[in-house]
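A.B. asks: First the structure, then my questions, so here it is.
The values are calculated or read from the model by the stated rules, or taken from the named source; none is laboratory data. Nothing here was measured: the structure is a model prediction, and the numbers come from that model. Here the Cβ positions follow ideal geometry from the backbone for every residue, glycine too, while neighbour counts run over all protein chains shown.
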Amino acid sequence: MEKIDVEKNTGNLYSDCFSFLTEKEWNYQGEVLAELICLKADSVENKVCLDAGCGHGALTWQIAEKGAESVYGVDLKPTPKEIKFVGKEGVIKFIQSSILGLPFEDDFFDFIVSTGVLHHTFDTEKAFSELVRVLKPGGKIILGLYGKHGLFPYVLSLFRIFTVRVPLIRKKFIDDLIKSFKFSPMQRYQILDYLYVPVLRRYSPKQVMNLFLINGLKNPERIFGLSSISAKEYRKNGTVYTYDSRTLLSKLLFGYGFIVFSGEKSV
Ligand SMILES: C[S@@+](CC[C@H](N)C(=O)[O-])C[C@H]1O[C@@H](n2cnc3c(N)ncnc32)[C@H](O)[C@@H]1O
């Protein structure tokens, strides 16, 4: 598939999925993401921040809540939940663009985060170096990518043969099935996301570490923001990414899990 088609189909799929999240789920999703990446006020307070591939904008909101001077949410499609951003108009700015060519000058941001995005782009390495380009020397970057292995990803890859590679099973058919089984909007989003997003790559922690090193970032380290206890609480509310990747059960089901790394741009 051409880059232009990947971006068009990806943007349409997600804006459709995010439009059916309830406000409560939207809030939980923001909270769980903030916890997963260990978002602290001192990283963003009075800083210029970027949420690259912000999607629903729930994490963008959390960054603004923690005192950012400004936070730019960039995505292929506008966020569907503008209503939530009332009162933060001067702080949150949404920009429709591909992160493969960001409309910002070099060294623009103090803090950049991107969760669950780069593995869906046409080129993960190019997208990451583009993020590093717009990060100020001394600035901090946090990246969340899908990890390799685990029962769940293996089963999904089998399904994706029939949904993406040889598209025999239509999205509408799966969506009608999901609705008839009364899955929650968040589960509906997650199933359609995994089965129909055009590009989905998975990484090992070593590969993510290398991505940081080849881009000259300092102090790269893996972050485990979500404890088992808090993961369990979120799970009760049907929120996604809610497992502690260090437990044996998570390793069996999700392999490396959702890998989050942070690093700093050298001065
Ligand atoms: C799985 S969602 C993640 C949303 C949010 N960051 C989160 O963690 O919940 C992936 C998002 O990345 C966006 N995306 C994918 N490729 C992109 C690209 N090349 N440029 C900008 N956004 C992109 C999609 O439109 C979608 O909103």
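A.B. asks: Tell me yes or no: at least one residue of the range 70-88 is in a helix (DSSP H, G or I), aliphatic (A, V, I, L, M), in contact with a strand residue (DSSP E or B) (Cβ under 7 Å, 6 or more places away or on another chain) and not assigned by TED's automatic domain parsing to the domain that holds residue 170.
C.D. replies: For the range 70-88, residues in a helix (DSSP H, G or I), aliphatic (A, V, I, L, M), in contact with a strand residue (DSSP E or B) (Cβ under 7 Å, 6 or more places away or on another chain) and not assigned by TED's automatic domain parsing to the domain that holds residue 170: absent.
A.B. asks: I would also like to ask the following. So, in the range 95-118, how many residues would count as being under 16 Å from the mean Cα position of the chain (by Cα) and either surrounded by 19 or more Cβ atoms within 10 Å (Cβ to Cβ) or small (Gly, Ala, Ser) (or both)?
C.D. replies: Here the count works out to 11.
A.B. asks: Within the group 235, 188, 222, 246, which residue is in contact with a Phe, Trp or Tyr (Cβ under 7 Å, 6 or more places away or on another chain), closer than 18 Å to residue 30 by Cα and not hydrophobic (A, V, I, L, M, F, W, C)?
C.D. replies: Just a single option satisfies the conditions, and that option is 188.
A.B. asks: Quick check: anything in the range 167-188 surrounded by 14 or more Cβ atoms within 10 Å (Cβ to Cβ) and within 15 Å of the chain's Cα centre (by Cα)?
C.D. replies: Yes: one or more hits.
A.B. asks: Looking at the range 160-234, what helices (runs of 4 or more DSSP H) fall wholly within it and have at least 2 residues that are under 20 Å from residue 21 (Cβ atoms), outside the structural domain of residue 16 (by TED's automatic domain parsing) and touching a residue at least 12 places away in the same chain (Cβ under 8 Å)?
C.D. replies: Here the list reads 171-180, 185-196.
A.B. asks: Turning to a different aspect of this structure: Return the total of residues in the range 1-30 being closer than 22 Å to residue 236 by Cα and either away from the ligand (no atom under 12 Å from the Cβ) or free of Cβ contacts under 8 Å to residues at least 40 places away in the same chain (or both).
C.D. replies: 6
A.B. asks: Hey, another quick one. With respect to residue 110, determine if the residue is away from the ligand (no atom under 11 Å from the Cβ), closer than 25 Å to residue 217 by Cβ and without any contact (Cβ under 8 Å) to a residue 40 or more places away in the chain.
C.D. replies: So residue 110 fails the test.
A.B. asks: Let me ask you something else. Select from the range 52-67 the residues that are of a type outside the set (A, V, I, L, M, F, W, C), more than 7 Å from the ligand (Cβ to nearest atom) and within 13 Å of residue 113 (Cα to Cα) and list them in ascending order.
C.D. replies: 57, 60, 62 - these are the residues of the range 52-67 that are of a type outside the set (A, V, I, L, M, F, W, C), more than 7 Å from the ligand (Cβ to nearest atom) and within 13 Å of residue 113 (Cα to Cα).
A.B. asks: Among (1) in contact with a helix residue (DSSP H, G or I) (Cβ under 7 Å, 6 or more places away or on another chain); (2) over 23 Å from residue 11 (Cβ atoms); (3) of a type in the set (A, V, I, L, M, F, W, C); (4) more than 16 Å from the ligand (Cβ to nearest atom), there is one condition residue 152 misses while meeting the rest; what is its number?
C.D. replies: Of everything listed in (1) in contact with a helix residue (DSSP H, G or I) (Cβ under 7 Å, 6 or more places away or on another chain); (2) over 23 Å from residue 11 (Cβ atoms); (3) of a type in the set (A, V, I, L, M, F, W, C); (4) more than 16 Å from the ligand (Cβ to nearest atom), residue 152 misses just condition (4).
Residue by residue, here is whether (1) within 14 Å of the ligand (Cβ to nearest atom); (2) under 30 Å from residue 254 (Cβ atoms) holds:
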residue	(1), (2)
96	yes, no
118	yes, yes
135	no, yes
140	no, yes
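A.B. asks: Follow-up. Anything in the range 12-55 that is assigned to a strand (DSSP E or B) and farther than 21 Å from residue 190 by Cβ? List them, or say none.
C.D. replies: Within the range 12-55, 45, 48, 49, 50 meet the criteria.
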